[in-house]
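The values are calculated or read from the model by the stated rules, or taken from the named source; none is laboratory data. None of these values were measured; they are calculated from a predicted model. Positions of Cβ are generated from backbone atoms using ideal geometry, with glycine treated the same way; all protein chains shown enter the neighbour counts. In case anyone asks, the SASA skips ligands and DNA or RNA and just uses the protein heavy atoms, side chains included. Shrake-Rupley method; radii C 1.70, N 1.55, O 1.52, S 1.80 Å.
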Amino acid sequence: MFGLYNNPHAPKPAIPFDGRGARRSLRALAEMLQGNGFKGARGLSRAIRQSENRRLLLSVFGCSPFLTRIILRRPETLLGPLGRAPDTHFQRLLKAISAHSDKDTPLIGAEIRRLRQEVAVAVALADLSGRWALAEVVQALSAFADTVLREATRQLLFDAIGRREFQAADPSVPENGAGLFVLALGKLGGGELNYSSDIDIVIYFDEAVLASRTDNKERRFAIDFGRRLLELLQGDNGEGYVFRVDLRLRPDPGSTQIAMSTKAAEQYYQAYGQNWERAALIKARPVAGDQRCARAFLDRMQPFIWRRELDYNTIEDVHAIKGQLESHVRSAALGFEGHNIKLGRGGIRQIEFFVQTQQLILGGQHPALRGRATLDVLRALTAHRLISSRALTQLTAAYAFLRRLEHRLQMIEDQQTHTVPTDAQYVLRIANFMGYRRPGGLQSALFEHLRRVEGHYADLFKDAPAAKAAQGPLVFTGVEDDPATLEMLQGMGFDDPAGVSETLRQWHRGHVRATKTERARELLTKLVPALLKACAETGDPNDAFRHFADFVERLPQGTQVFALLHHNGGLLAELARLLGRAPRVSARLAAYPYLLELMIAPPRSRRLAGRAVLQREFGQLTSSHESDDDWLLAARRWLREKNFLVCLQLFNRWIGPDEVAEH
């Protein structure tokens, strides 16, 4: 009954890092089982003496303090993993979650946390023993999250029925027809959850449907539901948390409640939706609540996600984002200790970006490319001859290796980390956990995969001009700060890189008038690297950016100004210097953007005219306008231009205060 499968394609078996501690823990486990009366203790005691089970447990005890603590505190967690086929045992764990759906919420909270520990042990042993491949590991972790969300949602609706706050269409299955649902995005949406991952979800409600179930208190009910769900999943009641929940992939997270109406979401995406949000919605999947309502919402979102016609603005935007990412890849040295295997060179994100960009551009024409799972889409790209079989083989192998390393890093102490440690002993621990006796072996294998990913990634849209012109990593898409971007901004001289990053994200979300249109945001994506470079070269990047931000946020519209700045690099640099040294000018330029044209005029037209020329020009204004109102408008514009020319002359030190006064 007990014993492990032998899988010739399994990764290297783990090597105990702390061999002495591992043997001590195994002895402690054996002693506990001898004096423990739980059902199955005697059979488990025999099982841990079998050589293959002993080797497995020694590798766990010798590498993962987190798993060791669980097993020694609750040895019964080993009964299923060592006693049954992993699929059978895991399905029993999922059924155990559903079995508690008729109990009080606090009890469910404690029980789910204990089951989460059992899942942690079961998945780790199935993974480390080679019984499960990567696909089975991530699918199991995702299935556990799905089940928890579904049952937690059901229980919270039962509770609301008990408080007479909700009237269910089907009292036995209260989520049916509720008008409230939870979508999974990110790795959970793709069925690719990692070992110690947070879960990306969005809570939506259909106003009309939920209103009929809550006496027209739909918004308050949905927000209260969201808060209770977060408390149930994230709260620590002594048994730890269940999941860290990330709600930031909802539309405009800084300005919206934790639960959002489908109508408001659709209006947001139609007006302000960005390409990175389209990419996020590719993985959107209903996991809890009203399934019919959720599917109807996703059906309505399909035209936003998938463009049937080849969208050249999308291609330009993708090129610009890729260029921003790629420049960091080219400039940073490939390191081992401290390397982020998710965000760094050749990492998981580059493989995901490789897939998602082609989905965004070609998915509207090729429905087969609309899958959620990264490796499935890679295979579809190969089947459509969009990538080579060599690219498929190497990217698949790299993805599997990097995800396994990610899982081992997280198994050590149940931390959501993606970074190779810098401490020498910790590096040796993770090398042993991956099956290498020395860190050098892990480093060689890791570098081989990272370089292969880099090679295929570099070929993606390699002829795009935007990629060649980009400066720095400077990634401002998504909802969280990119570590490489913050590091680059700090190196450029910005004292508050997180503040700069957040300001630019707000612009991309259309929070200022200048970026309300899609075209303005596309131009902004191209402009940002040069803008930050120009600010950095002023000598005071912080003041220059702050005053440039004031200028942008005062603009009535941004498309024409951004286009002008994008096509005139010298103008952008001069404007950054001007705003940094003369901040009051930002209000004048924002109110009258046509003054920018004077900054790109030939030097001859920038010269200050004498009294006779001014009199002649002003006289021509008088004679060329029939009405007083037209003449007054023209005269004001003429006066603003002359004053701005004086400002430019003084700013560039071509004239002094006396000449300013005379003019």
| field | Failed condition for L107, given (1) over 23 Å from Y195 (Cβ atoms); (2) at pLDDT 90 or above; (3) open to solvent by 70 Å² or more (accessible area, probe 1.4 Å) | value | (2)
| task | Would you be able to say whether some residue in the stretch 528-547 is β-branched (V, I, T), open to solvent by less than 10 Å² (accessible area, probe 1.4 Å) and within 18 Å of L579 (Cβ to Cβ)? | result | yes
| request: Return yes when R505 is open to solvent by less than 20 Å² (accessible area, probe 1.4 Å), out of contact with any helix residue (DSSP H, G or I) (no Cβ under 8 Å at 6 or more places or on another chain) and either over 20 Å from R521 (Cα atoms) or at pLDDT below 90 (or both) and no when it is not. | output: yes
| query | From A14, A30, which residue is modelled with pLDDT of 85 or more, assigned to a helix (DSSP H, G or I) and not acidic (D, E)? | reply | A30
| request: Given the conditions (1) among the aromatic types (F, W, Y); (2) open to solvent by 20 Å² or more (accessible area, probe 1.4 Å); (3) farther than 30 Å from D18 by Cβ, report the number of the one that F354 does not fulfil. | output: (2)
| the stretch 478-499, subset open to solvent by less than 10 Å² (accessible area, probe 1.4 Å) and within 28 Å of L185 (Cβ to Cβ), residue modelled with the lowest pLDDT | T485
| said: Looking only at residues that are open to solvent by 50 Å² or more (accessible area, probe 1.4 Å) and not hydroxyl-bearing (S, T, Y) in the stretch 171-208, which one is farthest from E352 (Cα to Cα)? | reply: P171
| field | Unique match (being surrounded by 20 or more Cβ atoms within 10 Å (Cβ to Cβ), free of Cβ contacts under 8 Å to residues at least 60 places away in the same chain and of a type outside the set (G, A, S)) among L378, L386 | value | L378
| field | Test for A612: is it open to solvent by less than 40 Å² (accessible area, probe 1.4 Å), of a type outside the set (D, E) and either modelled with pLDDT of 70 or more or farther than 27 Å from F545 by Cα (or both) | value | no
| field | Close pairs from the stretch 565-585: first more than 19 Å from A520 (Cα to Cα), partner part of a loop (DSSP other than H, G, I, E, B) and of a type in the set (D, E, K, R), Cβ under 6 Å, at least 6 apart | value | G580/D540
| query | Restricted to the stretch 480-535, and to residues that are of a type in the set (D, E) and outside any helix (DSSP H, G or I), which residue is nearest to G273 (Cα to Cα)? | reply | E480
| Looking at R69, is it more than 35 Å from the chain's Cα centre (by Cα), assigned to a helix (DSSP H, G or I), at pLDDT 90 or above and within 14 Å of S25 (Cα to Cα)? | no
| R131 being in contact (Cβ under 8 Å) with a residue 60 or more places away in the chain, in a helix (DSSP H, G or I), closer than 22 Å to L82 by Cα and basic (K, R) | no
| query | So F158 clears everything in (1) open to solvent by 10 Å² or more (accessible area, probe 1.4 Å); (2) within 22 Å of the chain's Cα centre (by Cα) except one condition, right? Which one? | reply | (2)
| query | For A445, all conditions in the list (1) part of a loop (DSSP other than H, G, I, E, B); (2) farther than 22 Å from K187 by Cβ; (3) in contact (Cβ under 8 Å) with a residue 24 or more places away in the chain hold save one; what is the number of the exception? | reply | (1)
| query | R278: basic (K, R) and more than 29 Å from A563 (Cβ to Cβ), yes or no? | reply | no
| task | Scan A178, A184, A143, A152 and give me the residue that is modelled with pLDDT of 95 or more and in a helix (DSSP H, G or I). | result | A143
| note | Flagged in the stretch 47-65 as more than 12 Å from P16 (Cα to Cα) and not small (G, A, S), in numbering order, are I48, R49, Q50, E52, N53
| task | Please work out which one of (1) open to solvent by 70 Å² or more (accessible area, probe 1.4 Å); (2) part of a helix (DSSP H, G or I) is the condition K39 fails and give its number. | result | (2)
| message | What's the total number of residues in the stretch 415-431 that are assigned to a helix (DSSP H, G or I), closer than 30 Å to V242 by Cβ and open to solvent by 50 Å² or more (accessible area, probe 1.4 Å)? | response | 1
| task | Return yes when F243 is open to solvent by less than 30 Å² (accessible area, probe 1.4 Å) and more than 19 Å from the chain's Cα centre (by Cα) and no when it is not. | result | no
| query | Looking only at residues in the stretch 248-273 that are open to solvent by less than 20 Å² (accessible area, probe 1.4 Å) and either of a type in the set (V, I, T) or in a loop (DSSP other than H, G, I, E, B) (or both), which one is farthest from R349 (Cα to Cα)? | reply | T262
| request: Scan G240, G226 and give me the residue that is outside any strand (DSSP E or B) and closer than 30 Å to R73 by Cβ. | output: G240
